[in-house]
Amino acid sequence: NEYDMLPGGKGGNQALAATRIGVKTALVARVGDDGAGMRIIAGLRRDGVITSGVSTSDHKPTGMSFLINNSAGEKRGVFISGANAEIMQDQIPDEILVPSNMLLLQSELPPDQNWALLR
């Protein structure tokens, strides 16, 4: 009978947490050209996360995850990658890939793009 819509995503939540403890943090991601994506990015930006590495998809909606509780209180999760399935490793500028910076990757992103970035 009820639901909550909360901004997030693993990468967004981690970027927000790092920013809140005082670490200069940039998020590289892809959202859909939709209200959900715009609200998520605006909220992260308002909280100090650098979002210049977030691009917008013309073809896919913003990714979503849904947590469902059954009557016994058991949780089930459904994850839809949406626009993040289109992310490309070249969205991260080479000048920030220096030894003094930390790079955190998500396994929900295309594996070939994560491996290309690591190389």
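The values are calculated or read from the model by the stated rules, or taken from the named source; none is laboratory data. Since this is a predicted model, take the numbers as computed values, not measurements. FYI the Cβ positions are ideal-geometry reconstructions off the backbone, even for glycines, and counts take in every protein chain you see. The protein model used for the area step is the full one, side chains on, heavy atoms only, and it has no ligands, DNA or RNA in it. Shrake-Rupley method; radii C 1.70, N 1.55, O 1.52, S 1.80 Å.
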Rounded to the nearest 10 Å², the accessible area of residue 5 using a 1.4 Å probe with every protein chain kept is 130 Å²
Read-out Rg and Dmax of the Cα atoms in Å, derived from the coordinates shown; its label in [x] 15.2, 51; [y] 13.5, 43; [z] 15.8, 42:
[x]
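Where the accessible area of the chain is counted over protein heavy atoms with a 1.4 Å probe, how much of it, in %, is carbon and sulfur? Please list the in-between numbers first.
On the way: 4680 of 8640 Å².
Carbon and sulfur: 54 percent of the exposed surface of the chain.
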Sequence of 57, 107 when ordered by accessible area, the most exposed leading, probe 1.4 angstrom:
107, 57
Calculated over the stretch 29-73: convex hull of Cα atoms, volume per residue (Å³):
98 Å³
Could you check the simple spin-label distance between residue 103 and residue 59, using points 7 Å along Cα→Cβ, in nm with one decimal?
2.4 nm
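Considering only DSSP beta bridges whose two residues both sit in the stretch 1-89, what percent are antiparallel, to the nearest 5? Mind showing how you got there, number by number?
On the way: 6 of 12 bridges.
Of the beta bridges lying entirely in the stretch 1-89, close to 50 percent run antiparallel.
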To make sure I understand the rule: partners must be aspartates and glutamates, Cα under 15 Å from the Cα of residue 10, and not fewer than 8 residues away in the same chain. Which ones qualify?
108
If I model a spin label as a point 7 Å beyond the Cα along the Cα-Cβ vector, how far apart are those points for residue 46 and residue 72 in nm?
4.0 nm
For the chain, built as a Gaussian network whose Cα springs stay under 10 Å, the top-fluctuating residue of 24, 60, 75
75
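Could you grab the relative contact order for the chain? Cα pairs under 8 Å, six or more apart, rounded to a whole percent.
On the way: 157 pairs, mean separation 26.4, N = 119.
The value is 22 percent.
Counting Lys and Arg as +1 and Asp and Glu as -1, each charge on the Cβ, what is the dipole of the stretch 1-49 about the Cα centre in debye, to the nearest 20?
Values: 7 positive and 5 negative charges, 69 e Å.
With Lys and Arg at +1 and Asp and Glu at -1, about 340 debye.
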Where the centroid of each part is defined by its Cα atoms, how far is the stretch 77-116 from the stretch 1-63 in Å?
14 Å
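At a Förster radius of 30 Å, what calculated FRET efficiency corresponds to the Cβ-Cβ distance of residue 4 and residue 96, to the nearest 0.05? All intermediate terms of the calculation are to be shown ahead of the outcome.
On the way: r = 34 Å, r/R0 = 1.14.
Step by step, r from the Cβ atoms, then E = 0.30.
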Would you be so kind as to identify which of 61, 97, 16 lies farthest towards the positive end of the dipole of the chain, taking Lys and Arg as +1 and Asp and Glu as -1 on Cβ and the Cα centre as origin?
16
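If the only charges are +1 at each Lys and Arg Cβ and -1 at each Asp and Glu Cβ, what is the size of the charge dipole of the stretch 34-119 around the Cα centre, to the nearest 20 debye?
Details: 7 positive and 10 negative charges, 75 e Å.
Roughly 360 debye, rounded to the nearest 20.
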Residue 108: accessible area at probe 1.4 Å, nearest 10 Å²?
50 Å²
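With the other protein chains left in place, how much accessible area per residue, in square angstrom, belongs to the chain at a 1.4 angstrom probe? Don't jump to the answer; show the numbers that get you there.
Values: 8640 Å² over 119 residues.
Accessible area per residue, the chain: 73 Å².
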